[in-house]
Amino acid sequence: MIRSALGVWGILALAIVAACGAAPTTVGAPGVPQPSMGAPASGQGFGDRAVLADPSGDPGPIPVTLADPSWGNSDALVTMVWFADLQCPFTSRAAASIAELEARYRADQLRVVWKNLPLPFHAEAAPAAEMAMAVYAAGGSGPFWKFVNSVLTHQSAMGTGSYDTWAQDAGVAVQSVRGQRATGAPAAKIDADSKLAQEVGATGTPDFFVNGVAISGAQPTAKFIEVVDSELKRAAESLAAGAPRGGLYARLAGAAFEKPAPVPAEAAVAEEDDKTTMRVPVGSSPVRGKATALVTIIEFSDFQCPYCKRVQTTLDAIRKRYGDDVRFVFKHQPLPFHPRAESAAEVALEARAEKGDDGFYRVHDALFQAAKLDDDDLEAIARNAHLDVARVKKAIAGKKYSAMIEDDTDLAEELKAFGTPQFFINGRRLMGAQPIEKFTAIVDEELVKAKALVAHGVRRQSVYDELQKSALVADPPGMKTIPAASTDQPFLGARDAKVVIAEFADFQCPFCGRVEATMQELLTLYPGKIKIVWRHRPLPFHGDAHLASEAAVEAFRQKGNDGFWAYRTMLFKNQSAPGGLKKKALLEYADQLGLDLPRFAAALDDHRNAAAVDADTAVADAAGISGTPAFVINGVFISGAQPTGKFRRIIDRALAAKR
């Protein structure tokens, strides 16, 4: 098992902070398709053959071997490596997208390869993974995928008895599976997968590498399709150029994969040390318990999160066990893929406004007990809590408490509390819906420390503040230093705006195209207050990107800002079309926009604008910006096509700082 790389970072993928931020489908929704995972071209029906250590297969930065369950042909044009945790709800959600990919692409186009990454805070993840790999060793990929389907579809029923049933349903004898598991080979394979995950930067689940291109989290199917289509195009171009099909995956993945920076030794130690105390202010958040409590448990939670709901029983038991020695503080972290979570938070905060902390927690309990959180359910909860229902409806519709919710969300991000539930017990981090023993072990230790402080004269109501004085302050938002853009740089917005968004982008990157709608939205939201400056960052594995950037520079040279942005729009509109970024197409766009075509063609032929593109790339390299899209907002760094709210929070802070 990975420990150093998975401590604080183990649920990084739960934030869904990949290069695209659209909300996935709902976990566990009836009728969500699960992958049937058709049989691969080879590797079916191994019997008792010891396959879990078979090294033969495809090398590369993320090697694929016969020890890995897969579907699709071994010489498929695109290989997707999937690092997964069978108890992770986001892995379950991602399976629905994988099922759609299976239906969309032929076996000679797409191969999906399974790698195990059971996270340490999922108690059943490792046993389930061992059973799955034992099923694979006993029966091959077909039974393996059937078993995985059963687990991901019925995660709430995970356990030894269920595993035996699901193995039988998959068509393998339970005794054979147990025999395989007893050899220790499944556990060894899981350890090897986990070690590989650490090496390639897969720190949470699900994580994917599509011909080496990283995708983090249970992204919408459309995102996977964009990447797969892009990689199909890259593979076809490689073959058309005369490259052999053999070794295609290794070559393409080797060109696209970006090796993560090594984790410093001191960081690994810090992640192992669960005694680290973080600076987590109580602030004005709802509190359950007395101010004289010796232990403060701050919870970041989401009313639609099934694990947040599950842990409430444990928290109730802690209240009964420790009485007035423990108080609870609630921080809101509605996750973007839980569509009812923010509305539920609005109801709870309106209850607090009307009836104080007691009113908040009455509604808090009702929300977690509710089977659903539809409008009718929320109205019923408000009515039963004797709230002003009209005010509650108005709060939901107008997002009355969005600023408070965003403050909590910002704090969670600074603390790298990316998943829910997450707790800080007198500042000590505890992730997930852990068993009560995990909580009590920390609470008991903190009580000893707190009582010692009281014995030395610290007032009970000051214990938490005293402990926080020596706590570790969370890292500020990522910062990047880049030189100010020259006047010879394309921009949108107000020329002299106080907030400048430097956008580093690649015309062949599908996520760069997608984020443009967000940029337009920001310009509408902040008229006259922001300036978006374009910086070229063509990635080396996008073969057409550099010339497209050169063409865009020429459009700017000829017709200024208007010419550049009109040309940019055409590039993104046609980026996925066959030949859409080739020289012929670049010239056609210039002609359509009325540019000087001979001059334009000459610029592409002699690469007179390459230096301008390379200058922007050098700025990105110097700042450590390796992917696209990437943004620097008055020094604050954002990676990927993030939701509008993330940009707004940073812009609002920057505007406030300028007053």
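The values are calculated or read from the model by the stated rules, or taken from the named source; none is laboratory data. These numbers were taken from a predicted model, which means no experiment stands behind them. FYI the Cβ positions are ideal-geometry reconstructions off the backbone, even for glycines, and counts take in every protein chain you see. Side chains included, ligands, DNA and RNA excluded: accessible areas come from the protein's heavy atoms. Shrake-Rupley method; radii C 1.70, N 1.55, O 1.52, S 1.80 Å.
For this structure, a couple of remarks:
- Number of the condition not met by W166 [criteria: (1) open to solvent by 40 Å² or more (accessible area, probe 1.4 Å); (2) assigned to a helix (DSSP H, G or I)]: (1)
Let's see how each residue does on (1) at pLDDT 90 or above; (2) not in a helix (DSSP H, G or I); (3) not hydrophobic (A, V, I, L, M, F, W, C):
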{"position": "P55", "(1), (2), (3)": "no, yes, yes"}
{"position": "G60", "(1), (2), (3)": "no, yes, yes"}
{"position": "T79", "(1), (2), (3)": "yes, yes, yes"}
{"position": "L101", "(1), (2), (3)": "yes, no, no"}
{"position": "V113", "(1), (2), (3)": "yes, yes, no"}
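- Residue match in segment 525-535 (condition: of a type in the set (F, W, Y), open to solvent by 20 Å² or more (accessible area, probe 1.4 Å) and closer than 17 Å to P629 by Cβ): no
- Set D616, D596: member being surrounded by fewer than 20 Cβ atoms within 10 Å (Cβ to Cβ) and among the acidic types (D, E): D596
- Note on segment 257-369: enclosed helices (runs of 4 or more DSSP H) holding 3 or more residues that are at pLDDT 90 or above and either open to solvent by 10 Å² or more (accessible area, probe 1.4 Å) or in contact with a Leu (Cβ under 6 Å, 6 or more places away or on another chain) (or both) are 306-322, 341-369.
- Criterion applied to A107, A202 was being within 26 Å of D229 (Cα to Cα), open to solvent by less than 10 Å² (accessible area, probe 1.4 Å), in a loop (DSSP other than H, G, I, E, B) and in contact with a strand residue (DSSP E or B) (Cβ under 8 Å, 6 or more places away or on another chain), and the one residue passing it is A202.
- Checked against the criterion of being under 23 Å from G204 (Cβ atoms) and within 22 Å of the chain's Cα centre (by Cα), the candidates S156, S97 yield just one match: S97.
- Test: A236 is at pLDDT below 95 and not in a loop (DSSP other than H, G, I, E, B): yes
- Checking each residue of segment 128-143 against the condition of being among the aromatic types (F, W, Y) and under 19 Å from V227 (Cα atoms) gives no match.
- Single match in L547, L539, L525, L581 (criterion: in contact (Cβ under 8 Å) with a residue 60 or more places away in the chain and closer than 20 Å to A603 by Cα): L581
- Residue tally, condition farther than 18 Å from H338 by Cβ, part of a helix (DSSP H, G or I) and touching a residue at least 24 places away in the same chain (Cβ under 8 Å), over segment 370-394: 3
- From K331, K309, residue being touching a strand residue (DSSP E or B) at 6+ places or on another chain (Cβ under 7 Å), under 30 Å from A94 (Cα atoms) and not aromatic (F, W, Y): K331
- Meets criteria (more than 20 Å from C509 (Cα to Cα) and touching a Lys or Arg at 6+ places or on another chain (Cβ under 8 Å)) for L593: yes
- When F423, F418 are checked against the criterion of being aromatic (F, W, Y) and in contact with a helix residue (DSSP H, G or I) (Cβ under 7 Å, 6 or more places away or on another chain), a single residue qualifies: F418.
- Single match in V148, V174 (criterion: buried (at least 24 other Cβ atoms within 10 Å of the Cβ) and in contact with a helix residue (DSSP H, G or I) (Cβ under 9 Å, 6 or more places away or on another chain)): V148
- Residues (open to solvent by less than 40 Å² (accessible area, probe 1.4 Å), at pLDDT 85 or above and outside any loop (DSSP other than H, G, I, E, B)) located in segment 625-653: A630, F631, V632, I633, V636, I638, F647, I650, I651
- Considering A590, A622, A656, the condition of being more than 30 Å from K399 (Cβ to Cβ) and surrounded by fewer than 21 Cβ atoms within 10 Å (Cβ to Cβ) is satisfied by A622 alone.
- Looking only at residues of segment 427-446 that are assigned to a helix (DSSP H, G or I) and among the aliphatic types (A, V, I, L, M), we find that the one that is surrounded by the most Cβ atoms within 10 Å (Cβ to Cβ) is V443.
- Members of segment 205-223 found to be surrounded by fewer than 22 Cβ atoms within 10 Å (Cβ to Cβ) and not polar (S, T, N, Q), listed by number: A214, P220, A222
- Breaking point among (1) open to solvent by 50 Å² or more (accessible area, probe 1.4 Å); (2) at pLDDT below 95; (3) closer than 19 Å to P490 by Cβ, for R608: (2)
- Extreme residue, farthest from P118 (Cα to Cα), among residues of segment 390-418 that are surrounded by fewer than 17 Cβ atoms within 10 Å (Cβ to Cβ) and among the hydrophobic types (A, V, I, L, M, F, W, C): A390
- For beta carbons closer than 9 Å, sequence separation of 6+ or different chains, a first residue in segment 452-475 that is over 18 Å from A291 (Cβ atoms) and of a type in the set (A, V, I, L, M) and a second that is modelled with pLDDT of 90 or more and not in a loop (DSSP other than H, G, I, E, B), the qualifying pairs are A471/T277; A471/M278; L472/T277; L472/M278; V473/M278; A474/M278.
- The residues listed here are P69, P118; of these, the one that is open to solvent by less than 20 Å² (accessible area, probe 1.4 Å), under 27 Å from I436 (Cα atoms) and in contact (Cβ under 8 Å) with a residue 24 or more places away in the chain is P118.
- Some residue of segment 419-426 being open to solvent by 10 Å² or more (accessible area, probe 1.4 Å), assigned to a loop (DSSP other than H, G, I, E, B) and in contact with a Cys (Cβ under 6 Å, 6 or more places away or on another chain): yes
- Those residues of segment 587-601 which are in a helix (DSSP H, G or I), of a type outside the set (D, E) and in contact with a helix residue (DSSP H, G or I) (Cβ under 9 Å, 6 or more places away or on another chain), in sequence order: L587, Y589, A590, Q592, L597, R599, F600, A601
Okay, residues lined up against (1) within 30 Å of A577 (Cα to Cα); (2) at pLDDT 95 or above:
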position: L453; (1), (2): no, yes
position: Y464; (1), (2): no, yes
position: P476; (1), (2): no, no
position: T487; (1), (2): no, no
position: D496; (1), (2): no, no
position: E503; (1), (2): yes, yes
position: V515; (1), (2): yes, no
position: M519; (1), (2): yes, no
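- Selection status of A134, modelled with pLDDT under 90, out of contact with any Ser or Thr (no Cβ under 8 Å at 6 or more places or on another chain), open to solvent by less than 10 Å² (accessible area, probe 1.4 Å) and not charged (D, E, K, R): no
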